[in-house]
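Q: Below you will find the structure I want to go over with you.
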Amino acid sequence: MKRQRPLFVRLLRVLALVVTPLLALTLVTPSALAWDRTMIRSKQFPGQCLDSNYNGDVYLLPCNSGNLHHQWIITRVGYGTGYNGHDQIRIQNEATRLFIVQRRYSSSGTMNPTGGLLYTDTAGSSYLSKIDGVGTTWRNVQLMSSHQDATSFNSPGLAIKSYNSATAVASDFNSADAGQYWDLSI
């Protein structure tokens, strides 16, 4: 006569068959997933989009959805971990695969107390490429770096600013500065 296993043992086996694949999926899934690809449009200069080249320069040009230099990969790296509880993202150029970086210090270690450097770099896994999306919607957001190389005693960080219709700069974060607002359309 065949011996019957107790019901709870059979239930545990079924549960293990269901839970094990889910656990494996959780363990191999990266914590930061590419969230979306979008153009980053200036709110102050309609029709102008953030652009970058292989030299690391960041600037504005007329928006062109067919230009991969105008396409940016947005990767969420922190939920509520940025400035005042905002989400943190990394912004990578689709064409160059370089990440936006803002910092006050030059490569020689000199600090700029009134603004900073804005460029793209390979620093994708570095704290330097973390950007806080400050705003209530991604359609009207400030892109601020609040890491230790972007803050000063006068400012909580640097924000990407459309200085004019062709120039993007890193300037002290200021919620009243219209040039610091962007439309990510995500």
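Read the figures in this text as sums done on the coordinates, not as results from a lab. None of the values given here were measured: they were computed from a predicted structure.
Q: Specify whether the C-alpha gyration tensor of region 122-167 places it in the rounded, prolate or oblate class, a ≥ b ≥ c being the square roots of the eigenvalues: rounded for a/c under 1.5, otherwise prolate if a/b is larger than b/c and oblate if not. Walk me through the numbers on the way to the answer.
A: Numbers: a/c = 1.38, a/b = 1.31, b/c = 1.05.
Rounded, since a/c falls under 1.5.
Q: From the square roots a ≥ b ≥ c of the eigenvalues of the alpha-carbon gyration tensor of region 34-183, which class results: rounded (a/c under 1.5), prolate (a/b over b/c), or oblate? Intermediate values should be presented prior to the final figure.
A: Details: a/c = 1.27, a/b = 1.24, b/c = 1.02.
Cα axes put region 34-183 in the rounded bin.
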